[in-house]
Each structure stands twice: as structure tokens, then as C-alpha cells.
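Shown next, in C-alpha cells, is the structure this report addresses.
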Amino acid sequence: MTSDPRLEKIKEILEKHCGKRNQISAGKIGPQIGINEDATHVQTRGLILQAIEELNLPIAGGSRGYYMIDTERELEEYVNSIDGRIAEMEKRKNLVQKAFEKYHKI
């Protein structure tokens, strides 16, 4: 059992949103777990991550929201998506570091 009852509620909500085609946005999850927040939904997103960690839920985030990963193919696609985002962030990090050095003539 988790220390935060909202995590169980997130589990209940996302068990009704299995598969990539059945996403639900953080903006729709928040009010269902008693959270009213701005458009960034930082608190809701944090609780979703906590639910993944504490309840071992295979939750993925997509362009339209969150869903429970239903198949190995969805898992592979999600992991590949994350790996791609990591690669883009590494590229941006390296570009900014080089630009800083050139700009400041280091």
C-alpha cells in the first residue's frame, strides 16, 4: 500500500486508459485526484511518476496524455521515444556548451 491515496486513484484512472490510442491528459487526471493547478500540471505529473515508482505501473506519456502500456510493441516504441529525446537533449547540451565557449572566447 502506498502512502498517498491519490496514487491508487491514478492507477484506477489509468487502468481505464490502456493502450496508446486511449490516452488521458494530466489536465483531466488532476481534478479526478483532487488537484487544481495551472496548465503545466507539475503536481499531477509528479504523482504519475510516483505511481510508476511505487506501484510498478507501466505508464507512458504521449503527445495527448498518459496511458498504461498494453503491449511489448508499445513499450518498445515508448522506450525508443525516450531514447530519442535523450539524444536530442545531449545534442542541445553540447551545442550550447560549444556556443558558450565560442561566444565568450574560452
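Consider segment 43-68 and keep the residues that are among the aliphatic types (A, V, I, L, M) and outside any strand (DSSP E or B). The one that is farthest from R85 (Cα to Cα) is L55.
Given the structure, is S3 of a type in the set (G, A, S) and at pLDDT below 95? Taking the combined requirement at face value, the residue satisfies it. Any residue that is under 13 Å from the mean Cα position of the chain (by Cα) and assigned to a loop (DSSP other than H, G, I, E, B) - is there at least one of those in segment 70-82? Among the residues of segment 70-82, not one is under 13 Å from the mean Cα position of the chain (by Cα) and assigned to a loop (DSSP other than H, G, I, E, B), which makes the answer no.
Residues that are surrounded by 10 or more Cβ atoms within 10 Å (Cβ to Cβ) and of a type in the set (A, V, I, L, M, F, W, C) within segment 69-106 comprise I69, L75, V79, I82, I86, A87, M89, L95, V96, A99, F100, listed in sequence order. Every residue in segment 4-42 that is in contact (Cβ under 8 Å) with a residue 40 or more places away in the chain and part of a loop (DSSP other than H, G, I, E, B), please. D4, E15, H17, G19, Q23, S25 - these are the residues of segment 4-42 that are in contact (Cβ under 8 Å) with a residue 40 or more places away in the chain and part of a loop (DSSP other than H, G, I, E, B).
The values are calculated or read from the model by the stated rules, or taken from the named source; none is laboratory data. Being a predicted model, the structure only gives us computed values, none of them experimental. Every residue, glycine among them, receives a Cβ derived from its backbone with ideal geometry; neighbour counts consider all protein chains shown.
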